[in-house]
Amino acid sequence: MTRDITEQIAKLKEEKNAMILAHNYQLPEIQDIADYVGDSLELARISQGIEQNTILLCGVYFMAEITKILNPDKLVLMPDQHAGCPMANMITPDQLSVEKKSHPEAAVMCYVNSNADVKALSDVCCTSANGMKVAQAVSEDEILFIPDQYLGSYIASRLANKKFNLWPGYCPTHMVFSKEELLKLKGKYPGAKIIAHPECRLDVQDIADRICSTSQMIKYAQENEAKQFIICTELGMLHRLKKENPSKEFIPGSPNAICPNMKLTTVEKIMWSLERDEYKIEVEEGIRKRALRSIERMLEIK
Ligand code: 13P
Ligand code: SF4
C-alpha cells in the first residue's frame with residue numbers, strides 16, 4: 001500500500017466524518033487502517049452507538065446491512081457491493097416461509113449470516129459468539145435454526161432440552177478443513193491447541209480444543225498457556241492473532257481457507273468508496289423494521 005492512499009483515506013475520513021469498520025477476515029492493510037476490527041457481534045454492537053455520519057463497512061454484505069438496519073439515517077457504504085456471503089444466499093424468504101409452516105411451534109433463530117429479508121421473518125438472530133446464550137434465552141422448546149447447519153449442530157448438541165430443526169446451509173470456506181489434515185498437523189505440532197470456528201464440519205469440531213467466534217479466538221490464545229495454535233477459520237484471522245500475541249505461533253489449519261468475498265475489498269476501493277459515496281447500502285423500510293426486531297432481541301442478550 002502506498003503512503004498516498006493511506007493519507008488520502010485519512011483525509012477523506014475527516015472531510016466526510018466517516019468511521020471505518022472491518023471484519024477480522026479483511027486484508028491486513030485494511031485492518032490496520034480501520035477504526036474498529038471485530039467479529040460479527042462486535043461489529044453489530046459498535047454499530048449501535050456510532051456518532052459519525054458515514055460508516056464504511058469492510059466485510060460482506062450482511063454485515064453492512066446490519067449496520068444500515070441499526071443506522072437508517074446514516075450513510076452506510078461498502079467498497080465492493082459484490083462482497084456477499086454465499087451461506088446467506090442459501091435460504092430465501094420463500095423457502096423460510098414454507099419451512100415455518102412445517103414447524104409452526106418453533107422459534108426461528110437466524111444466524112446473522114443471512115439477508116435482511118430472511119431476518120425479517122425470524123424471531124431472533126445470533127452470531128457464532130452468542131449462539132448458545134441466544135438459544136438458552138428462547139422460551140420455545142423447539143427451534144428452527146437457519147441457515148448454518150454446523151453452527152446449529154454445535155448449539156443443538158449442547159442443549160438437550162430443546163428440539164432443533166436445522167436448515168442445510170454451510171460456509172464453503174470452512175468446508176476446506178479436514179480431520180485427516182488436522183491430525184497430520186497435530187503430529188507435526190504435538191503441543192498445539194486446535195481452535196475451530198463453529199462453521200467447521202462436525203468431525204473438525206470434534207477434535208478441536210476450542211470452538212468459538214473469530215474474536216474469541218484471540219482471547220483464548222492470550223489466556224491459554226500453549227505456545228502454538230492450529231487455526232481453523234479464514235486466513236485473514238491470522239493477522240490479528242499474530243499482532244495481539246507476538247510470542248505465540250499460529251498455524252493455518254488449511255492453506256486454502258480463503259473467503260473470496262472478504263478479499264474483494266482493497267484499500268484502493270476504500271479510497272474510491274469514500275470519494276464517491278459508493279456503494280450505498282439501502283434496506284426497504286418494512287423489511288428493516290422487522291429485521292431490526294430480531295437483531296435487537298439478540299443484542300439485548302448480554
Ligand atoms: P464471526 O462472527 O465469528 O467473525 O464469523 C463471521 C463469519 O462470517 C465466519 O465465516
Ligand atoms: Fe460467508 Fe463463509 Fe465468507 Fe464467512 S467465510 S463471510 S460464512 S462465505
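Only the coordinates and a few stated rules stand behind these numbers; no lab work does. Just so it is clear, the model here is predicted, and its values are computed rather than measured. Positions of Cβ are backbone-derived with ideal geometry, glycine not excepted, and every protein chain shown enters the neighbour counts.
Across segment 206-226, the residues whose backbone nitrogen lies under 16 Å from the label position 7 Å along the beta-carbon direction of Ile251 are 207-210, 226. Test of understanding: in a Gaussian network model of the chain with alpha carbons linked when under 10 Å, which of His82, His197, His239 would top the mean-square fluctuation ranking? In the Gaussian network model the winner is His82.
Grab the other residues whose beta carbon is less than 12 angstrom from that of Gln149, score K and R as +1, D and E as -1, and report the net.
Values: positive: Arg201; negative: Asp148, Glu199.
Residues near Gln149 contribute -1 overall.
For the listed peptides 256-268, 137-149, a ranking on the average number of other beta carbons within 10 Å per residue, highest first, reads 137-149, 256-268.
Once the mean of 1/r is taken over each pair of separate Cα atoms and inverted, segment 189-252 shows a Kirkwood hydrodynamic radius of 11.5 Å.
With Cα atoms as the point set, segment 75-166 shows a radius of gyration and Dmax of 13.5, 44 Å. For Cys58, the residues whose amide H sits under 5 Å from its own are Leu21, Ala22, His23, ignoring neighbours fewer than 5 places away on the same chain, with H placed 1.01 Å from N.
When the chain is treated as a Gaussian network with alpha carbon springs shorter than 10 Å, the biggest mean-square fluctuation among Ile55, Ile194, Ile287 belongs to Ile287. If you run the Gaussian network model on the chain, springs between alpha carbon atoms under 10 Å, then out of Ser128, Ser97, Ser254 the most flexible one is Ser97.
Can you give the Rg to Rh ratio for the chain, taking only C-alpha atoms and Rh from Kirkwood?
On the way: Rg = 19.1 Å, Rh = 19.8 Å.
When Rh is taken as the Kirkwood radius, the ratio is 0.97.
Derived scalar couplings between HN and Hα for segment 153-163 equal 5, 4, 5, 4, 5, 10, 10, 5, 7, 10, 8 Hz in order, rounded to whole Hz, by the Karplus curve 6.51 cos²θ - 1.76 cosθ + 1.60 (θ = phi - 60°), x for Gly and Pro.
Phi-derived couplings, Karplus 6.51 cos²θ - 1.76 cosθ + 1.60 at θ = phi - 60°, listed residue by residue for segment 67-83: 4, 5, 4, 7, 9, x, 8, 9, 7, 10, 10, 10, x, 9, 6, 8, 7 Hz, with x used for Gly and Pro.
From a point 7 Å beyond the Cα of Lys163 in the direction of its Cβ, which residues of segment 129-150 have a backbone N at a distance under 16 Å? The answer is 139-145, whose backbone nitrogens lie closer than 16 Å to the label point.
Distant-in-sequence amide contacts of Lys193, defined by a placed amide H-H separation under 5 Å and a gap of 5 or more residues or a different chain, comprise Gln228, Phe229, Ile230. The length gained on full extension between Arg290 and Gln95, counted as 0.36 nm times the residue separation minus their Cα-Cα distance, comes to 68.4 nm.
In units of the compact-protein estimate 2.2 N^0.38 Å, segment 168-302 shows a Cα radius of gyration of 1.28. Computed 3J(HN,Hα) for segment 169-181, one whole-Hz value per residue from the Karplus formula 6.51 cos²θ - 1.76 cosθ + 1.60 where θ = phi - 60°, is x, 7, 9, x, 5, 7, 6, 6, 7, 10, 4, 4, 5, glycine and proline marked x.
Close amide H pairs (under 5 Å, H built 1.01 Å from N) link Cys126 with Cys110, Tyr111, Val112, residues at least 5 positions away or on another chain.
Taking 1 over the mean of 1/r across every pair of different Cα atoms in segment 112-174, what Kirkwood radius in Å do you get? Spell out each step's value before the answer.
Working: mean 1/r = 0.0834 Å⁻¹.
This gives a value of 12.0 Å.
A crude spin-label estimate for the pair Asp203 and Trp272, with each label 7 Å from Cα along the Cβ direction, gives 4.2 nm. Summarising the overall dimensions of segment 1-158 from its C-alpha atoms, the Rg and Dmax are 17.5, 57 angstrom.
Cβ-to-Cβ counts within 10 Å put Cys85, Cys110 in ascending order as Cys85, Cys110, the fewest first.
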